[in-house]
Amino acid sequence: MGIIGLAAVVIGVVCACIPVIAIAGWALLAVGFVMSLVSLFLRGRKWPGITGLALAVIGAVLAAAVSLLLLAATSSDGASSAIPSERPTDGGTSTERPDPSAIEGAEMTNFADLEVGDCLPLVVYDEDELVFELPVVPCEQPHTDEVFFIYDVEDGEFPGDDALTETSWNGCYEAFQAYVGTSYEASELDFYNYQPTKGTWIREGDRTVQCILFSYDDVTGTLRDSGR
């Protein structure tokens, strides 16, 4: 029984470190611990039981540490993340980026909670920078950006950042005229988008693209049907 318990502990520790079968691994680890403990009260060699108990304790600590590391790597306060496509600029010199949460009237909003029509102040993020929240302000307050379309790209294997960027841009482009009231080519406005990262695509099943309209000058009110 001691040897069987020891084997169960070893297999349980390995399985507990693999996310998709972690629950089964913990169950097997518990069974191995109990069997190792019971074997100490039976006749026969004691070393398998003692070794099994020691490995069960060490393995439990190791598996818990791995689970915590995976949890930290896949989430940030429970928020989804995305990367921005390159935001067009007016050619002006860059300024120090303000703290988005310190912008007057801003409510930090996770991507999953964004809605079409949400207005955003000017915050320029670096391309490929992971972003977890965006500051949403009342549209009556001066702002430059506005969410004009949110949609999901086709499911499947992660297509790669470049291919996903192209697909996302095309989807936003097709929705531009219906929201603004004029074609993209004739408009004085521009747009960029946020898209899933490879990590959120695989771990969270994220397929959502957020299309962001923006003006080169501050605006008040919505840009919907503005014809600009």
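The values are calculated or read from the model by the stated rules, or taken from the named source; none is laboratory data. Remember, predicted model here, so these are calculated numbers, not experimental data. Cβ coordinates were reconstructed from backbone atoms using ideal geometry, including for glycine residues, and neighbour counts include every protein chain displayed. Note: accessible area is taken over every heavy atom of the protein model, side chains too, but ligands, DNA and RNA are not part of it. Shrake-Rupley method; radii C 1.70, N 1.55, O 1.52, S 1.80 Å.
At-a-glance table
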{"item": "Sole residue being closer than 20 Å to Tyr216 by Cβ and surrounded by fewer than 18 Cβ atoms within 10 Å (Cβ to Cβ), chosen from Glu146, Glu204, Glu185, Glu154", "result": "Glu185"}
{"item": "Qualifying residue in segment 165-174 (condition: at pLDDT below 90, closer than 30 Å to Val20 by Cβ and surrounded by 15 or more Cβ atoms within 10 Å (Cβ to Cβ))", "result": "yes"}
{"item": "Elements of type strands (runs of 3 or more DSSP E) in segment 113-222, at least 2 residues being touching a residue at least 60 places away in the same chain (Cβ under 8 Å)", "result": "143-152, 190-195, 208-219"}
{"item": "Test result for Ile50, in a helix (DSSP H, G or I), within 30 Å of the chain's Cα centre (by Cα) and surrounded by fewer than 17 Cβ atoms within 10 Å (Cβ to Cβ)", "result": "no"}
{"item": "Count - residues of segment 116-141 that are at pLDDT 90 or above, more than 15 Å from Val180 (Cα to Cα) and open to solvent by 40 Å² or more (accessible area, probe 1.4 Å)", "result": "3"}
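Results for (1) of a type in the set (A, V, I, L, M, F, W, C); (2) touching a strand residue (DSSP E or B) at 6+ places or on another chain (Cβ under 6 Å); (3) at negative phi, shown as yes or no for each residue.
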site: Ile150; (1), (2), (3): yes, yes, yes
site: Ser168; (1), (2), (3): no, yes, yes
site: Glu188; (1), (2), (3): no, no, yes
site: Thr220; (1), (2), (3): no, no, yes
